[in-house]
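The values are calculated or read from the model by the stated rules, or taken from the named source; none is laboratory data. The structure displayed is predicted, hence computed values, not measured ones. With ideal geometry, Cβ positions are generated from the backbone for all residues, glycine too; neighbour counts draw on all protein chains shown.
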Amino acid sequence: MKIAILGWGSLIWQPKSLFYDKKFGWKEDGPKLPIEFSRISKNGRLTLVIDKEANLVQTLYTLSNHDKLDEAILNLAIREGSKQSAIGYYNKKNNTFTPNNFEFKESIKKWIILKEFDAVIWTNLGVKFKYEINNIKVNIKPTDRLEYLKDLNKSKSSLAEEYIRKTPSQIKTQWRKVFEENLDWLPIT
């Protein structure tokens with residue numbers, strides 16, 4: 001089974017334990033999906049996720065070294081430090097999507113047929129604008145992303161800056177432009 005792995009953030013520059021074809025590398029013509037800096041992670045970074053409110057961007061992809069879908073999903077879940085249920089996939093053979101209610105099925109289906117893959121997997125963490133500080137849960141408004149980044153302590157701010165600046169330059173989101181203009185967090189390779 002030929003399995004593609006979609007990426008748009010740290011998976012690309014920091015694959016860690018991801019078992020992928022390094023010779024194949026990361027290709028820049030993945031399916032277009034609505035991606036935005038819309039999730040506050042455990043370490044304070046504002047990370048990229050599929051966000052139905054976002055503009056479509058061209059994702060990247062690579063090829064898994066696994067030939068069994070369940071093994072590729074487990075490997076990506078381990079890399080992401082998530083449950084396997086946080087990994088989305090499409091299996092062309094039996095026309096199965098997980099999650100079943102994935103809103104961007106047609107984009108994935110058209111792309112996988114064009115690329116002649118048997119399956120595709122991606123990190124499917126949701127939008128999250130809440131975090132915890134000193135055992136207090138804090139929610140921010142999606143419109144307060146810039147203020148959230150400005151208010152981070154020094155170590156968290158450095159992690160957040162690294163994530164945003166190392167994001168592949170083709171991932172041009174509305175909020176990335178705001179961060180570049182207001183924080184001078186320009187892309188680095």
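Details
Residue-by-condition table, conditions (1) at pLDDT 95 or above; (2) touching a strand residue (DSSP E or B) at 6+ places or on another chain (Cβ under 6 Å); (3) surrounded by fewer than 13 Cβ atoms within 10 Å (Cβ to Cβ):
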position: S10; (1), (2), (3): yes, no, no
position: S17; (1), (2), (3): yes, no, yes
position: Y20; (1), (2), (3): yes, yes, no
position: I40; (1), (2), (3): yes, yes, no
position: G44; (1), (2), (3): no, no, no
position: T47; (1), (2), (3): yes, yes, no
position: S85; (1), (2), (3): yes, no, yes
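- Test: I3 is of a type outside the set (K, R), under 29 Å from Q174 (Cα atoms) and surrounded by 12 or more Cβ atoms within 10 Å (Cβ to Cβ): no
- Selection count where residues are closer than 11 Å to R45 by Cβ and either within 18 Å of the chain's Cα centre (by Cα) or surrounded by 15 or more Cβ atoms within 10 Å (Cβ to Cβ) (or both), scope the range 130-162: 10
- Search result, residues across the range 77-97 that are in contact with a helix residue (DSSP H, G or I) (Cβ under 8 Å, 6 or more places away or on another chain) and either part of a helix (DSSP H, G or I) or β-branched (V, I, T) (or both): A77, R79, E80, Q84, A86, I87
- Within the range 163-187, the set of residues being surrounded by fewer than 16 Cβ atoms within 10 Å (Cβ to Cβ) and either among the aliphatic types (A, V, I, L, M) or in contact with a strand residue (DSSP E or B) (Cβ under 8 Å, 6 or more places away or on another chain) (or both) comprises Q170, K172, Q174, V178, L186.
- Test: residue in the range 100-113 that is more than 22 Å from G25 (Cβ to Cβ), assigned to a helix (DSSP H, G or I) and touching a residue at least 40 places away in the same chain (Cβ under 8 Å): yes
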